[in-house]
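Below: one structure, written as structure tokens.
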Amino acid sequence: MMRKIILLIAVFVFSTIAFSQDSTEFNLEARLFNPLTAPKDPKELKEVSKKVLIRPFDTEYNYFDENSQMLDEYITKEWETDFSHVVFEKRFSGSGALIEVTHNLYWQQSNSTGQYRNKLSQKDLFDTQSADGAPRIKSRLMCHYTPQGYLMKESFAVITGEKRAAAPQLLQAIEYTYDNNGNVLTRTIKNRTGTSLAVTRYTYTGGRMTRSETVGPDQKVISSTVYSYDSSGNLTKQEVRDSENKISSVVTSTWRNIQNSWKETSNVITGPDGQTQLRISYEYKNTGDLAKKIIENIEGESVQYIHYDFARRRS
């Protein structure tokens, strides 16, 4: 189950509309490797970086040593000058080595109702360790939208070889359909030839998603999920069942009202035996801004601490 979750996350992260690779050469190399400069005179809060620290599990004493945190990696974000969207994300190792760079492109034109503007159109992942030392795109996510501005299709492509002008090769696509209220009805994963691999169908009650079911090419159920909410409409439980309708995992969430806004404070994932596999908790500042995320991997015997830093755009 964990393997399926990781695969879906990987597909989602890289999903979006093709443009000429030459259009990225506008001084791209300089921006890829220049350090992030935070704006002065902060007004509007935006996340600009996060640090991931890891703490090993002491198997001899069966506890997490709070004094042994090690910087695992950190990520910086470079925003457009008006702070409307993130242009670059750069991931560094704990020692400061640049691991990878993601470049985001957005629709700047609008349709008749203005539904396209500033929506993500393309996400390129750059290899910073190419043979010639120059940044080279190694994967691309392309996004297409309906006339109403709903995400219609995500295409994930990879670029092989060392040539910087190599054409992307389609690897997988995800297509979506919606009801008249804008709720997702289906999510279809297709391979490079357009053959359907899996279809997820969603059911709603009172405007809230209450159930999803994924079937394979043979229309046999692969998995299903039932969603539960509290009286304020916050998602509190996700019960996942396998092809035999047996519980494979349960995700339980808790919420807290901070500055008149509901914030998720924890996720606990249990396995089919009811034992906790993963525990995620969130800490916030008094302003309601996310300050820290703690991921306790019980099976992997480690803890990750993700610290968030923010800046505000100039007025």
T205 is checked against (1) over 28 Å from Q172 (Cβ atoms); (2) buried (at least 17 other Cβ atoms within 10 Å of the Cβ) and fails just one. What number does that condition carry?
(2)
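So in the stretch 72-109, with the set limited to residues that are in a loop (DSSP other than H, G, I, E, B) and of a type in the set (D, E), which one is nearest to the chain's Cα centre (by Cα)? Outline the logic, then answer.
Quick first cut of the stretch 72-109, residues in a loop (DSSP other than H, G, I, E, B) only: 80-85, 94-97, 107-109.
Right, trim to of a type in the set (D, E) and you get 80, 82.
On the way: E80: 20, D82: 23 Å.
Only one residue tops the list, namely E80.
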Residue that is surrounded by fewer than 16 Cβ atoms within 10 Å (Cβ to Cβ), closer than 30 Å to P272 by Cα and touching a Gly at 6+ places or on another chain (Cβ under 8 Å), where the choices are L185, L197:
L197
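Conditions tested, residue by residue: (1) farther than 22 Å from G271 by Cβ; (2) of a type in the set (S, T, Y).
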residue	(1), (2)
S196	yes, yes
E213	no, no
Y227	no, yes
S231	yes, yes
N234	yes, no
Q238	no, no
V250	no, no
Members of the stretch 287-310 found to be within 17 Å of W255 (Cβ to Cβ) and not basic (K, R), listed by number
G288, D289, L290, A291, I294
Can you give me the number of residues within the stretch 253-294 that are at pLDDT below 95, in contact with a Lys or Arg (Cβ under 6 Å, 6 or more places away or on another chain) and among the aliphatic types (A, V, I, L, M)?
1
Among (1) of a type outside the set (D, E); (2) buried (at least 18 other Cβ atoms within 10 Å of the Cβ); (3) more than 30 Å from G207 (Cβ to Cβ); (4) at pLDDT below 90, there is one condition N104 misses while meeting the rest; what is its number?
(4)
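Could you tell me whether the stretch 257-276 includes any residue that is within 22 Å of I189 (Cβ to Cβ), hydroxyl-bearing (S, T, Y) and surrounded by 13 or more Cβ atoms within 10 Å (Cβ to Cβ)?
Looking through the stretch 257-276, none of the residues is within 22 Å of I189 (Cβ to Cβ), hydroxyl-bearing (S, T, Y) and surrounded by 13 or more Cβ atoms within 10 Å (Cβ to Cβ).
The values are calculated or read from the model by the stated rules, or taken from the named source; none is laboratory data. The structure displayed is predicted, hence computed values, not measured ones. With ideal geometry, Cβ positions are generated from the backbone for all residues, glycine too; neighbour counts draw on all protein chains shown.
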